[in-house]
Every structure is written in structure tokens, then in C-alpha cells.
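Q: A single structure is presented below for examination.
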Amino acid sequence: MAEQIVCFVIDKLIQLLITTEANLSRDVHKEVGFIKDELESIRAFLKDADAKAAADGETTNDGVKTWVNQVRDAAFYIEDVIDEYLLRITRHHQDPGFIRFFHKIIWLAKKTRSQDGIVSKVDRMKELVRNIQERRKRYELSSIDQQGQDNGEKTLPWHDPRVASLFIEEAEVVGIKPARAKLTNLLVGKVPRREVISVVGMGGLGKTTLAKKVYDNLTVLDEFDCYAWITVSQTYKVEDLLRTVVKMFCSSRNENFPEGIDTMNEESLIRKSREYLQQKRYVVVFDDVWEVDFWEAIEHALPDNKGGRIMITTRSQDVADFCKKSCFVHVHHLQPLPPNKAWELFCRKAFRFELEGKCPPELEDMSREIVKKCEGLPLAIVCIGGLLSTKDKVVDEWRKLYNSLSSELESNPHLTSLKRILSLSYHHLPYYLKSCVLYFGIFPEDYSISCVRLIRLWIAEGFVKLQEGKTLEEVGEEYLTELIHRSLVQVSEVYMNGKARSCRVHDLLREVLLKKGGDSSFCHVLSKDKSTFKPTNRRLSINISPSEVLGSITESHIRSVFTFNQEEWPESFLNTLRRNFQLLKVLDFMDAPINQLPKYVGDLYLLTYLSLRNTKVELLPDSIGNLENLETLDLKQTLVYEIPAKIYKLVKLRHLLAYYCDDNMDFCINWQRGVKMHEGIGCLQALQKLYHVEANYGGIKLIKELGKLWQLRKLGLKNLKREYGRALCASIEKMNRLESLDLSAISEDEVLDLESISTPPEFIRSLILMGRLEQLPSWISNLQHLVRVVIYWSRLRDSPLKALQNLPNLLDLRLGQMGYDGVQLHFEEGGFQKLRELQLQEMEGLNSLIIDNGVMPLLQKFHIGSCPQLKEVPSGIHHLRNLRVLSFNDMKTEFARQMDPNNGPHYWIVKHIRLVGFCCKSGPRDGDYKVHSLYDSDFSSWSNA
């Protein structure tokens with residue numbers, strides 16, 4: 001954690017040296033460079049501090065803990081010096097007298113050693129380093145590499161709770177029968193090739209328990225000539241690992257170890273293993289593998305002959321994936337216990353020796369809340385259930401535990417193993433991911449955060465480092481994927497293409513992260529129980545009324561502020577931010593009850609992220625133009641309609657997100673409103689995302705300026721007119737990196753003229769066109785990366801299906817609101833091979849829908865809405881064997897009656913579909929619908945009414 005802080009500061013100084021080099025004298029440049037060098041020298045010790053704390057766990061003595069805290073404080077001091085320095089530069093960069101002012105500061109500092117001078121602060125840093133070195137020698141802190149491991153062996157200084165997993169009795173195991181049967185079948189299968197079976201899941205999920213129960217099964221062992229169980233864990237030597245494998249194989253056959261095995265080198269051990277296994281079928285389990293390249297170390301010792309089986313348990317998906325380069329791999333993602341099995345396990349532990357293993361009625365509600373908190377994690381259920389077995393069986397006692405679970409995790413010996421198992425994955429992270437995962441502690445319990453929003457926040461904080469050939473957003477996405485693959489982060493929702501849309505962490509892991517974040521001053525959550533915070537805290541998450549915390553906020557080094565669950569918003573709180581939070585980088589006011597943004601927000605010069613999403617703010621002050629470091633401005637679902645002209649000073653702006661949807665309006669082409677922008681948008685050349693802009697206010701001049709935004713990935717334009725066509729097409733052709741294009745005409749009758757595009761951006765993945773089209777633009781069929789197509793109000797006379805059916809990556813097609821004026825749509829055999837979702841709605845003339853056998857083989861969701869001329873259920877639906885959801889919107893009951901399971905003549909067409917629903921208008925608003933399911937008990941009476 002501390003190392004990450006210093007990395008931030010080093011990057012800032014390097015940037016400072018580059019951007020101010022021309023204006024600084026040699027002496028001044030040397031002084032700034034000296035600060036950077038000092039930070040480089042201290043960085044290694046900060047890395048040691050974090051690694052020492054991780055290795056020692058709870059056994060770290062008070063002296064070392066004090067040392068770690070002092071190192072962290074030194075890092076924070078250095079960061080503050082740099083940020084205050086950068087703040088001063090930002091404030092005065094346009095002042096022609098600033099350079100003279102800066103030189104004067106350095107000169108005075110050298111002469112007077114003033115505490116406010118840069119050099120005096122460098123001297124203090126030197127002193128801090130000397131003290132750190134002395135303490136390092138005193139506590140014998142050794143150098144540890146970036147992963148928190150040394151080059152030799154080490155043993156954990158605490159009892160390893162994973163050992164207990166190897167000795168769990170059969171009667172204590174709950175909920176693993178299906179997984180055990182599946183893994184057993186994979187092991188004993190007769191396929192003669194070598195295969196890897198990888199069991200992947202977060203810590204505490206029961207991977208070791210499951211693997212051991214499978215391994216101990218005599219039915220499994222009888223299929224093999226020799227077998228071995230190896231516990232790998234986080235640190236190992238390859239030679240010792242190979243030596244153990246050979247010895248275990250020999251022991252399984254009661255044979256002597258090969259002569260000289262204890263002195264063999266790695267190559268000799270590989271040869272000996274291959275020689276021993278040459279004519280044998282073997283099974284070996286490597287339990288608790290952490291390193292991604294583990295397979296590379298052992299694969300050559302395990303020959304591909306006679307159907308050898310290797311089982312690996314790991315928290316990392318990447319460990320499993322690495323094996324695929326040279327072996328067939330089965331990956332089993334171990335799932336949390338379902339609610340009924342979680343409850344069964346809890347009762348066994350909490351009431352094992354009394355009450356006949358059953359929960360008394362008065363404790364059931366509280367007990368189920370506790371089980372829910374565990375989210376199906378067996379280790380959590382076992383540990384908390386075991387702790388409760390020692391408590392009095394009274395509601396107040398159990399409620400007290402539930403409400404204080406965070407502190408109990410930290411101090412109660414019954415929960416030590418749970419906390420340590422959950423912490424292991426965090427400690428094993430490279431430094432650049434530790435801050436990223438700690439960020440989840442900012443958000444409330446059970447909170448799923450948008451992955452896109454999370455990555456923007458990481459970027460704003462400086463956690464994401466630029467890599468050649470990639471955008472920061474792409475690197476951030478890789479960081480998140482790595483955390484998901486390490487089983488630290490759970491995916492809550494996915495896009496149709498399988499990419500994570502929102503994510504969260506397990507509630508108990510969040511408690512662990514929250515404690516680590518608090519201890520390291522990374523983040524403090526202000527709540528009724530914790531209304532004060534340390535001045536060194538960097539991030540503030542406010543879960544209580546701001547008026548309750550105003551008194552505790554004085555001078556602070558807070559960099560980020562988040563608010564959640566707010567009902568009222570005192571104006572004095574914003575004054576406090578301005579006065580005491582001068583170094584703020586992130587302000588996330590999403591969902592806050594505010595209706596104005598004061599002009600002095602422009603005084604927060606270092607701000608990189610500002611979100612007003614879902615607030616009632618109507619105007620942005622002109623001072624927004626002072627925020628020259630701003631990268632993200634999120635105005636989604638605000639009432640802001642006009643962006644101040646001074647926005648064009650924000651040359652670092654990467655994301656400008658602004659629109660408003662009126663939920664009280666019926667769905668129409670103007671249902672979503674964009675924002676008005678002034679001349680000069682071409683200055684914002686760092687923009688990655690820009691949506692939605694009201695094109696009719698800037699006209700052709702605005703459209704032409706958009707062509708300068710060559711880095712755009714996402715563009716949304718509203719209120720387009722036909723006359724903009726040529727200029728719009730010319731600008732779009734210049735956006736070579738564009739991935740998402742959303743265009744809406746000013747009215748349903750206005751033509752979108754897109755014919756002039758000859759070379760469209762080849763990486764477009766999402767295309768939304770709302771407005772009249774004289775014909776489907778021919779270039780669309782060339783978009784090989786297209787995943788989603790939405791065409792509304794286009795009134796196409798010719799079917800668009802032929803042009804779209806061969807798009808190789810199309811997953812989602814929506815044609816509606818009179819998108820097609822014809823009478824027949826024909827989905828031809830062989831087309832739409834990857835389509836997952838299809839929507840056809842509000843096409844008044846459509847009376848025939850033909851679906852050939854062999855078309856849309858992967859379709860899962862099919863929605864047909866308000867097509868009054870469509871009288872019969874399309875018989876081709878029965879070809880769609882993977883269809884899971886079929887819904888009809890505003891279709892007549894006579895149409896629904898045809899599919900009645902009791903006597904409907906067309907029931908055979910849909911009987912293979914799990915969910916068939918009918919949505920009927922039930923009120924005046926667009927969202928007022930009542931849903932009837934084909935398999936409801938009252939379906940017949942409804943459809944025959």
C-alpha cells in the first residue's frame with residue numbers, strides 16, 4: 001500500500017520535470033530531480049514494509065507495526081508536499097511572474113532552510129529515510145520482491161487454517177455431492193490423454209475439501225498405478241516440489257525412493273519422474289496453487305501417457321488457463337452453497353451438540369440474516385456457526401454478534417482463520433492491484449458498481465499506469481479482469497458478449513478490506529459509529545448526513561469524497577469541501593440530493609473526476625473551466641442542459657457524459673435529451689466518450705469540429721437534420737477508434753443521411769440509428785466487429801436482414817418503432833449465427849415472419865411487440881432450440897390463446913421454451929404493464945376473457 005503512494009509521487013515529479021523543463025533553471029531542475037531520486041530510494045523500503053506486514057500477519061510485534069506506520073506516514077508526507085506544490089503550479093501557471101516566484105522560493109529555501117521551502121522539506125525527507133534505515137536494521141526487515149515473496153523458503157508464522165480442510169469428516173461435509181460426482185467422473189474417465197482438472201474459486205469456498213474427498217475415494221485411486229497429493233501454497237522451490245512428487249508416487253506403491261534423489265537438480269528430477277511414470281497411469285493433486293506459471297515448472301515431469309490426471313486447486317483463473325497451452329483442461333468453477341445447503345451447514349455447526357442440530361424458532365430470523373451475510377461461503381458459515389455455538393441461545397446475543405461482525409473478524413479467535421484465508425488473496429496481489437481492490441471498501445455493503453465507472457475512478461486516482469499501445473481504460477479493464485480471475489471480485493452482471501458490466505466483493509471480504517483501508521489511511525467510511533477520522537485519511541465515504549460530520553472535518557488531506565444514501569444536503573458541507581479539501585481529486589456525488597453546484601468548485605484545481613449523476617443540478621458554473629486536470633465529467637440524469645463555453649479549457653477531459661431521460665414521457669425519438677455545447681469542441685482532443693450532444697444548436701460547424709476528436713471511442717448525437725449528412729459522414733470517417741455510434745434525428749420524419757460514408761471506423765461495436773433512412777447504409781454490412789444494432793423509426797421499405805445476417809459478431813438486433821415498413825421478414829437459413837437477442841416491435845404492416853431451420857442457432861431471447869397484422873405464431877420459432885425467453889408485447893389475447901398449453905393449436909411451437917410471457921398495457925404511462933406467463937394457473941382464463 002505504501003509503495004503505491006510513492007509510485008504516485010514519482011510519476012508526478014517525472015511529469016513535472018518534463019512539463020516545466022524549459023522554464024526552470026538548472027539549479028531548480030536539479031532540486032526537483034533530487035526529490036524524485038529520494039523517493040526512488042525510499043520506495044524499496046516501503047515495499048519491504050508492506051511485505052513484512054503481509055508475511056507476519058497478526059504476529060507482527062508492536063515495534064514493527066509502529067515502523068510500518070511511520071513509513072506510511074513518511075509516504076503521505078511526501079505525497080502532500082508534491083500535491084501542494086502541483087496545486088501552486090496549477091494556480092499560477094498563467095501568471096507571467098510565476099517563474100520568478102518559483103525561483104525565489106528555491107533561493108529562499110536554500111538560504112533560510114524555511115519549513116515552508118521545498119529544500120527544507122527535502123531535508124526532512126532525508127531525515128525520514130535515515131530513521132527508516134535505522135529501524136529497518138533494528139527489526140531486520142529483509143528485501144522482498146514485488147509479489148510479497150522472498151527468493152527462498154519461508155513458513156507462515158501462524159497456524160495455517162487450510163490444513164484443517166484435509167481432515168474434515170464425511171458427516172461434516174455439506175453440498176458437494178454434484179461437484180464431487182463431476183470431478184470423480186473426469187478423473188476416472190478412460191480418455192488416454194493427459195488431462196488437467198482445475199478447481200477454481202475464492203478462498204474459503206471449499207476447494208481443498210472437495211478435492212480431498214474426491215482424491216480419497218477408493219474408486220478413484222483404484223484406477224491409477226500411483227498417486228500423490230501435494231500442498232503447494234504461495235512459496236515453493238521447484239526442485240523441492242519435483243522431489244516431493246517423485247517421493248509421493250513411490251510411497252503410494254510402497255517402493256523405496258530413487259537413490260540420490262535428495263541431491264538431484266531440477267533437470268535430473270524431471271528425468272527421474274518421467275522415467276518412473278513411463279508405463280504407469282498416475283493422478284496427482286496440486287492443492288492451493290498461486291503462481292500463474294506453475295504449470296511450466298512441472299509439466300515436463302508429468303508425461304502425456306496412459307491417461308494421467310492432474311488436479312489443481314487455485315483461486316486464480318489464470319493458473320488454469322496457463323495449462324491450456326500444452327494440455328487439455330477442464331475448469332470447474334466452484335460455486336457458493338445454495339441457501340438451503342448453507343442453512344443446513346450453519347445449523348450443524350451452531351447447534352451441533354444441542355437442540356438436536358435444529359435452530360429454535362426464536363433464533364431463526366436472526367440466524368437466517370447471519371447465513372445470508374455469509375453468501376454461501378462454507379468457511380464463513382463454519383467459523384461463524386462455530387462461534388455462535390459457544391454463545392447463549394438468545395436473540396440479543398446473536399444480534400450483537402451480527403452488528404459487530406467487523407470488529408469480531410479482527411479480534412475474535414474463532415474467526416481468525418476466516419480473516420486470514422480472506423486476507424491471503426489480498427496479500428498476494430502485486431502492489432498496483434492492492435489499491436484497486438481496497439477501493440471496494442468505499443462502497444456500501446451489497447453494492448454492485450458499474451465496471452466502467454470503477455475503472456474511471458481508478459484512472460482518476462492514478463492507480464492505472466499507461467502501457468504502450470493501450471488506453472488507460474483498456475489497462476484498467478485488464479486490472480479488473482485480473483482481480484476477477486484471482487477470485488477477489490465477483491461479477492454481478494454481464495453484457496451480452498460476456499464482459500463484466502457490474503461487480504462487487506463478498507461482504508465479508510469487504511469487511512477485511514475496510515479494516516485494511518482504515519489502518520492504512522486509504523479510506524474511512526463515516527457512519528454513526530465512526531463519525532471522526534484521522535487527518536491522514538485519503539478517501540472519505542459518507543454514509544450519514546453531512547451535517548453530522550461537519551464538526552469533524554477541519555484541515556484534511558482527503559483526495560476523494562463519496563456520498564451514499566443521503567436524504568439532505570447542507571450547503572455548509574460544500575463550503576467545508578472548498579475550505580478544507582484543497583487537494584481533492586475525486587468528487588462523486590452520484591444520487592446526492594443537491595440542486596446546484598457552487599461556483600467555488602472551480603477552486604479545486606487538482607480535481608480529475610466529478611460526478612453529479614442522478615442529481616437535480618441544473619447549471620454548471622463558468623468556474624468549471626478552471627478544472628484543467630479534469631478527466632471525467634458525469635452529468636447523466638441531471639437537469640444540466642447547457643455546457644459552459646469555458647469547458648473547452650479542459651484539454652485533459654476524457655469522458656463527457658450528459659443526457660436526461662424523462663420517465664414520465666412515453667417512449668419517443670425525443671425521450672432522451674442531450675446537452676447544448678458552444679463552439680470550440682474541437683479543442684477537447686483527449687475525449688474518449690462524448691454523449692449526448694444536441695447537434696441542432698451547433699449545426700454543421702459543430703459537426704465539422706467533431707472530426708478533430710480522433711480519439712473518440714463513443715459518440716452520441718441528438719436532433720440531427722438531413723442537411724448535416726455530408727459533414728457528419730466526413731467527421732465520422734476521421735474517428736478511426738470509434739466503437740459506439742448513437743445517432744438520432746430531430747424528429748421521426750427527419751432523414752438521417754449517412755450514405756456518404758465510404759470507409760467507416762472498422763472497430764464499431766454498437767450502432768444505434770433513430771430516424772428516417774431512405775435505405776440501410778451499405779457500409780453497415782462491412783462492420784465485422786459489430787455486436788449490437790438498433791434501428792428505430794427508419795421506415796425501411798426493403799428488409800434489412802440480408803445486409804445484417806452475415807455479420808460475424810452480431811449478438812443483439814433490435815428493429816422497431818416502424819423500423820421496417822414491409823409486410824414480411826424472412827430469417828434465412830445460415831444467417832445470424834451468433835445472435836443472442838432479437839427484438840421486433842411496433843411494425844404496423846408486418847403480417848408474416850418466416851424463420852428457417854438453421855438460422856439464429858444461439859438465440860436466447862426473442863421479443864415481439866405490437867405488430868397488429870401478425871395473426872399467427874411464427875411456426876419457425878420451434879427451430880430455435882436454445883431460446884429461453886419469448887415475450888410478446890401488446891398482442892391481442894386471440895394471439896396468445898393459440899399457445900395455451902391446454903388446447904392451443906400452436907402450443908407445440910413454443911413448448912420447448914422455459915419462459916413465455918405476454919405484456920399488456922395496464923395504465924396511461926409507458927411503463928405501466930401487466931405480465932402474464934404461459935404457465936400461470938390463470939393463463940387460460942385470461943386469454944379466453
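The values are calculated or read from the model by the stated rules, or taken from the named source; none is laboratory data. None of these values were measured; they are calculated from a predicted model. Please note: Cβ atoms are built from the backbone with ideal geometry, for glycine as well, and neighbour counts cover all protein chains shown. With ligands, DNA and RNA removed, areas are computed over all heavy atoms of the protein, side chains included. Shrake-Rupley method; radii C 1.70, N 1.55, O 1.52, S 1.80 Å.
Q: Return the residue satisfying two criteria in turn: it lies in region 852-866 and is outside any strand (DSSP E or B) and either open to solvent by 10 Å² or more (accessible area, probe 1.4 Å) or in contact with a Gly (Cβ under 6 Å, 6 or more places away or on another chain) (or both), and of such residues it is nearest to Leu825 (Cα to Cα). Spell out the reasoning first.
A: Looking only at region 852-866, we keep the residues that are outside any strand (DSSP E or B), and these are 852-860, 866.
From the residues that got through so far, the ones that are either open to solvent by 10 Å² or more (accessible area, probe 1.4 Å) or in contact with a Gly (Cβ under 6 Å, 6 or more places away or on another chain) (or both) too are 852-855, 857-858, 860, 866.
Values: Asp852: 11, Asn853: 15, Gly854: 16, Val855: 13, Pro857: 17, Leu858: 19, Gln860: 19, Ser866: 15 Å.
Checking each candidate, the answer is Asp852.
Q: Hey, Ser252 hits all of (1) under 19 Å from Glu299 (Cα atoms); (2) touching a Phe, Trp or Tyr at 6+ places or on another chain (Cβ under 6 Å) but one; which does it fall short on?
A: (1)
Q: Take Ala211 and decide whether it is modelled with pLDDT of 90 or more, of a type in the set (Gly, Ala, Ser), over 30 Å from the mean Cα position of the chain (by Cα) and assigned by the TED database to the domain that holds Val319. Please lay out each step first, then the result.
A: Values: modelled with pLDDT of 90 or more: yes; of a type in the set (Gly, Ala, Ser): yes; over 30 Å from the mean Cα position of the chain (by Cα): no; assigned by the TED database to the domain that holds Val319: yes.
It is false that Ala211 is modelled with pLDDT of 90 or more, of a type in the set (Gly, Ala, Ser), over 30 Å from the mean Cα position of the chain (by Cα) and assigned by the TED database to the domain that holds Val319.
Q: Can you list the helices (runs of 4 or more DSSP H) lying wholly within region 341-448 that have 3 or more residues being within 29 Å of His485 (Cα to Cα)?
A: Those helices (runs of 4 or more DSSP H) span 361-374, 378-388, 405-411, 416-427, 431-438.
Q: Filter region 830-846 down to residues that are farther than 10 Å from Asp812 by Cα and of a type in the set (S, T, N, Q) and give me whichever is modelled with the highest pLDDT.
A: Here the residue is Gln833.
Q: Suppose we keep only residues that are buried (at least 16 other Cβ atoms within 10 Å of the Cβ) and among the polar types (S, T, N, Q) within region 304-333. Which one would you say is nearest to Gln234 (Cα to Cα)?
A: Ranking the qualifying residues of region 304-333, first place goes to Thr314.
Q: As an exercise: evaluate Lys434 against (1) surrounded by fewer than 18 Cβ atoms within 10 Å (Cβ to Cβ); (2) among the basic types (Lys, Arg); (3) under 21 Å from Arg539 (Cβ atoms) and give the number of the one condition it does not meet.
A: (1)
Q: Is one or more of the residues making up region 289-302 more than 37 Å from the chain's Cα centre (by Cα) and surrounded by fewer than 15 Cβ atoms within 10 Å (Cβ to Cβ)?
A: Applying the first criterion (more than 37 Å from the chain's Cα centre (by Cα)) to region 289-302 yields 301.
Now restrict to residues that are surrounded by fewer than 15 Cβ atoms within 10 Å (Cβ to Cβ): none.
No, every residue in region 289-302 fails to be more than 37 Å from the chain's Cα centre (by Cα) and surrounded by fewer than 15 Cβ atoms within 10 Å (Cβ to Cβ).
Q: Select, from Leu466, Leu480, the only residue that is at pLDDT 95 or above and closer than 28 Å to Asn629 by Cβ.
A: Working: Leu466 fails: at pLDDT 95 or above.
Testing whether each residue is at pLDDT 95 or above and closer than 28 Å to Asn629 by Cβ leaves just Leu480.
Q: Looking at (1) at pLDDT 85 or above; (2) surrounded by fewer than 23 Cβ atoms within 10 Å (Cβ to Cβ); (3) in contact with a Lys or Arg (Cβ under 8 Å, 6 or more places away or on another chain), find the lone condition where Leu584 falls short.
A: For Leu584, the exception is condition (2).
Q: Another question, if that's okay. Is it the case that Ile877 is farther than 30 Å from Ile669 by Cα, at pLDDT 90 or above and not in a loop (DSSP other than H, G, I, E, B)?
A: Values: farther than 30 Å from Ile669 by Cα: yes; at pLDDT 90 or above: yes; not in a loop (DSSP other than H, G, I, E, B): yes.
Judged against the criteria, Ile877 is a match.
Q: Of the residues Val371, Val394, Val452, only one is assigned by the TED database to the domain that holds Glu478 and open to solvent by 10 Å² or more (accessible area, probe 1.4 Å); which?
A: On the way: Val371 fails: assigned by the TED database to the domain that holds Glu478; Val394 fails: assigned by the TED database to the domain that holds Glu478.
It is Val452.
Q: Continuing with the same structure: Can you pull out every residue in region 596-613 that is assigned to a loop (DSSP other than H, G, I, E, B) and either among the small types (Gly, Ala, Ser) or touching a residue at least 24 places away in the same chain (Cβ under 8 Å) (or both)? Quick ask: steps written out before the conclusion?
A: If we filter region 596-613 for residues that are assigned to a loop (DSSP other than H, G, I, E, B), which is where we start, we get 596-598, 604-608, 612-613.
Residues satisfying the conditions are Leu597, Pro598, Leu604, Tyr605, Leu606, Thr608, Leu612, Arg613.
Q: How many residues are in a strand (DSSP E or B) and closer than 19 Å to Leu429 by Cβ when one looks only at region 478-531? Steps first, please.
A: Step one: list which residues in region 478-531 are in a strand (DSSP E or B), which gives 490-494, 500-504, 524-526.
Filter again for closer than 19 Å to Leu429 by Cβ, leaving 490-491, 500, 503-504.
Final tally of qualifying residues: 5.
Q: Do we have any residue at all in region 749-756 that's out of contact with any Leu (no Cβ under 8 Å at 6 or more places or on another chain), part of a loop (DSSP other than H, G, I, E, B), open to solvent by 40 Å² or more (accessible area, probe 1.4 Å) and under 26 Å from His655 (Cα atoms)?
A: No, there is no match, as no residue in region 749-756 is out of contact with any Leu (no Cβ under 8 Å at 6 or more places or on another chain), part of a loop (DSSP other than H, G, I, E, B), open to solvent by 40 Å² or more (accessible area, probe 1.4 Å) and under 26 Å from His655 (Cα atoms).
Q: Considering (1) surrounded by fewer than 18 Cβ atoms within 10 Å (Cβ to Cβ); (2) among the hydroxyl-bearing types (Ser, Thr, Tyr); (3) under 13 Å from the mean Cα position of the chain (by Cα), say which one Tyr479 fails and leave the rest.
A: (1)
Q: In region 301-320, what residues are in a helix (DSSP H, G or I) and out of contact with any helix residue (DSSP H, G or I) (no Cβ under 8 Å at 6 or more places or on another chain)? Steps first, please.
A: Of region 301-320, the ones in a helix (DSSP H, G or I) are 301, 317-320.
If the condition is that a residue be in a helix (DSSP H, G or I) and out of contact with any helix residue (DSSP H, G or I) (no Cβ under 8 Å at 6 or more places or on another chain), then Ala320 is the only one that fits.
Q: Tell me which strands (runs of 3 or more DSSP E) are completely within region 614-705 and hold 1 or more residues being open to solvent by 30 Å² or more (accessible area, probe 1.4 Å) and out of contact with any Asp or Glu (no Cβ under 7 Å at 6 or more places or on another chain), or say none if there are none. I'd like the intermediate steps shown before the answer.
A: Working: elements: 632-634, 655-657, 689-694.
Ranges flagged: 689-694.
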